[in-house]
1. Checking the a/c ratio against 1.5 first, then a/b against b/c, what shape does the Cα gyration tensor give for the range 192-248?
2. Take His214, His138 and order them by how many other Cβ atoms sit within 10 Å, fewest up front.
3. Taking just the alpha-carbon atoms of the range 9-51, what radius of gyration and Dmax come out, in angstrom?
4. Per residue of the range 5-19, in order, report the coupling 6.51 cos²θ - 1.76 cosθ + 1.60 (Karplus, θ = phi - 60°) as ³J(HN,Hα) in whole Hz, putting x for Gly and Pro.
5. Quickly estimate the mean residue ellipticity at 222 nm for the chain, helices only: each DSSP H run with n ≥ 4 gives -39500 (n - 2.57), and the total goes over all residues, rounded to 500.
6. Need the full-extension length gain, Lys114 to Ser62, defined as separation in residues times 0.36 nm minus the C-alpha distance. One decimal, nm.
7. Quick check: Cα centre of the range 183-209 to Cα centre of the range 55-115, how many Å?
8. I'm checking a number: the convex hull volume of the Cα atoms of the chain, normalised per residue, in Å³. What is it?
Amino acid sequence: MTNNFQKINVRGVDFAAVTPDEATAICTAMLDGDRVCTVFTPNAEIVQLCVEQPDYYDLYNSGDLVVPDGAGVVKAAKILGRPLPGKVAGVELGERMLAVCAARGDGVYFLGAKPGVAEEAAKRMCSKYPGLSVVGTHDGYFKKSGEESDAVVAAVNASGAGLLFVCLGVPVQERWITDNREKLTAARVCMCLGGSLDVYAGVAQRAPKFFVDHSLEWFYRLMKEPKRIGRMMKLPKFLFGTYLAKIRGKA
Ligand code: UDP
């Protein structure tokens, strides 16, 4: 079940062709697996990063479950003639897994965001999902290698959490978990979820439904955080490059 799904290559990154329900079922099956699995949720900006810096392909393609967190990737798959079922938002998949863990009794660890945010996210999620056990939290502002990083791994192991949220921002979070997955003794599923802890804690808001329904979440985010303009310029570049790749038959 955990790797029994079709993959669709979008500009070099292999995405799972799954719905949010299927992604949840796969992550749930991973909780019972005998190895550590990683779940990545790249958007178009990250695929464009891979296109521009091909060294990143190995990192992103090493994820056990890689789902498209954004309309841009879904649109590109359509342009290339190999459609994906749709977007699987990381923040939603993470919350679905919190509901699963609350029901099953698996412990969860929140790693990332500014000091205090993971604790607040834990408080809010535990009251939203009765039975949820957040067995540990740590902010994301530690040295990502060496002693400090090893101490974080040791704390995650000591907590006994089966599900780990790694919310350190891209591509730091994917690099950190890939570097450290062999050292994890209890966690079975490690989900890289960017700014999700900020959303769970109420520090950041998701875009209103209108923006989500019209694939304009990026626009809402840009209005809220204009400093992201540089990062977001990757999106039109990505779509333009996808049309070019299609025309040139290099998709
Ligand atoms: N962050 C962190 N440690 C760092 C840098 C960033 O924990 O060294 C956190 C930051 O506080 C925020 C998240 O990582 O909560 C990144 O959020 P963003 O929405 O920018 O996600 P991205 O799009 O970068 O994945």
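1. Values: a/c = 2.27, a/b = 2.06, b/c = 1.10.
Verdict is prolate for the range 192-248.
2. Listed from fewest to most nearby Cβ atoms, that is His214, His138.
3. When restricted to Cα atoms, the range 9-51 yields Rg and Dmax of 12.5, 35 Å.
4. Per-residue couplings from phi come out as 8, 6, 10, 10, 7, 10, 6, x, 9, 8, 9, 6, 8, 9, 7 Hz.
5. Details: 13 runs with 121 residues, N = 251.
Calculated at 222 nm, the ellipticity per residue is -14000 deg cm²/dmol.
6. Length gained between Lys114 and Ser62: 16.0 nm.
7. Between the Cα centres of the range 183-209 and the range 55-115 lies a distance of 10 Å.
8. Values: hull volume 30.2 nm³, N = 251.
Spelled out: Cα convex hull of the chain, divided by residues, is 120 Å³.
A short reminder: the numbers here are calculations on the coordinates, not readings from a lab. All values derive from a computational prediction rather than experimental measurement. With ideal geometry, Cβ positions are generated from the backbone for all residues, glycine too; neighbour counts draw on all protein chains shown.
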